[in-house]
There are 2 protein chains.
Amino acid sequence: MNDPVQVRFSGAGGQGLITAGVILAEAAMLEGKNVVQTQTYGPEARLGSSKAEVIISAGQIAYPEVTVPDVLLCMSMEAAKKYLPKVRPDTTVIIDSTNIGPEVTCGGHVHRLPLTQAAVDTGSKVVANTVALAAINRIAGLVSTQSLKNAVLARVPAKFRDLNERAIAAGEALVQTAPATA
Amino acid sequence: MNDPVQVRFSGAGGQGLITAGVILAEAAMLEGKNVVQTQTYGPEARLGSSKAEVIISAGQIAYPEVTVPDVLLCMSMEAAKKYLPKVRPDTTVIIDSTNIGPEVTCGGHVHRLPLTQAAVDTGSKVVANTVALAAINRIAGLVSTQSLKNAVLARVPAKFRDLNERAIAAGEALVQTAPATA
């Protein structure tokens, strides 16, 4: 893993990507890392797209804005059009294949996973963000599974804890059963 | 109001300051503003303090890091020690007098308000962040009351909406009854 590692979550409003960013930041903080977590809202947000960014480092973080991400999540077509062109050949890209068809291509190491469908199968599409977090984390090795779980459970309301634990398991299972790149 | 306006929320972990930052950012976005909202986690966070920052502008935001804030909220002694020395003479400072005694002084335009006590009186100290948001917003005129209310209600779980509506009213009432500076 690069240090610092720059992670960008992108998708539609309502998919919980800001919460996902905050949770990843808190998980990394639990591991003693320095973290900067940013949301940028502008005209794009008013058109329904959403973006959250997390920079994680064992050392000081000099520049708090993600330029080209090391890890990119895309959960909507609009986000895919906007952010997939902005990757490096070594960027790890996770595409939600429930919402984005196979005709959408990009550079980088691409993983196509049915994140939203897995959340629906788990009980509710509201945990698509948790499924995505668990999948990304398993692919990119950002924090330990235990730290991620602790951060998720610390932030979600008590009555949704079971659902979110199942969502973490579902996200990890997606990675274990999917081809490494597709 | 300056443009861009830089707002810093500081206090202890668990006081909901990150949520407050996200809500203020979403309220400003509802008004068509450009917004950058950042959390920085480091050794300080592991010692129990928490910080969230929001930059709001009608135009592009060039540098996404708050230097000296235009508006500063302090909700814990530890945050007061850390951030009160870093204000300008024209910074608007809101101090939670439930947690920070009158012996703590600083420059800037200081407003001492019993934010946490008002939240407890409203029903629960978990809405101290909403009380603080409403009070700050009334003092600094960041967004309309309606935009703030819409952003709060969009983010809190349905069963806490009434409590948060009362917390907004309580925060605004604190400003109306308190001396302008103290």
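The values are calculated or read from the model by the stated rules, or taken from the named source; none is laboratory data. Since the structure is predicted, the reported quantities are computational estimates derived from the model, not experimental observations. Note that each Cβ is placed from the backbone with ideal geometry, even for glycine, and that neighbours are counted across all protein chains shown.
Here A:Val54 fulfils each of the conditions (1) touching a helix residue (DSSP H, G or I) at 6+ places or on another chain (Cβ under 9 Å); (2) under 30 Å from B:Ala58 (Cβ atoms); (3) within 9 Å of another protein chain (Cβ to nearest Cβ) apart from (3). In summary, B:Glu78 fulfils each of the numbered conditions (1) closer than 25 Å to A:Ile23 by Cβ; (2) over 15 Å from the mean Cα position of the chain (by Cα); (3) surrounded by 17 or more Cβ atoms within 10 Å (Cβ to Cβ); (4) within 14 Å of chain A (Cβ to nearest Cβ) with the single exception of condition (4). Filter the range B:4-20 for residues that are facing chain A (nearest Cβ under 9 Å) and crowded, with 22+ Cβ neighbours inside 10 Å and give the result. Passing the criteria: only B:Ile18.
Considering only residues in the range A:1-38 that are over 10 Å from the mean Cα position of the chain (by Cα) and charged (D, E, K, R), the one that is nearest to A:Asp90 (Cα to Cα) turns out to be A:Asp3.
Of the residues B:Gly48, B:Gly32, which single one is closer than 22 Å to B:Val131 by Cβ and surrounded by fewer than 19 Cβ atoms within 10 Å (Cβ to Cβ)? Matching residue, one of B:Gly48, B:Gly32: B:Gly48. One residue stands out in the range B:74-125 among those that are of a type in the set (A, V, I, L, M, F, W, C), part of a loop (DSSP other than H, G, I, E, B) and touching a Cys at 6+ places or on another chain (Cβ under 8 Å): the one that is modelled with the highest pLDDT, namely B:Ile100.
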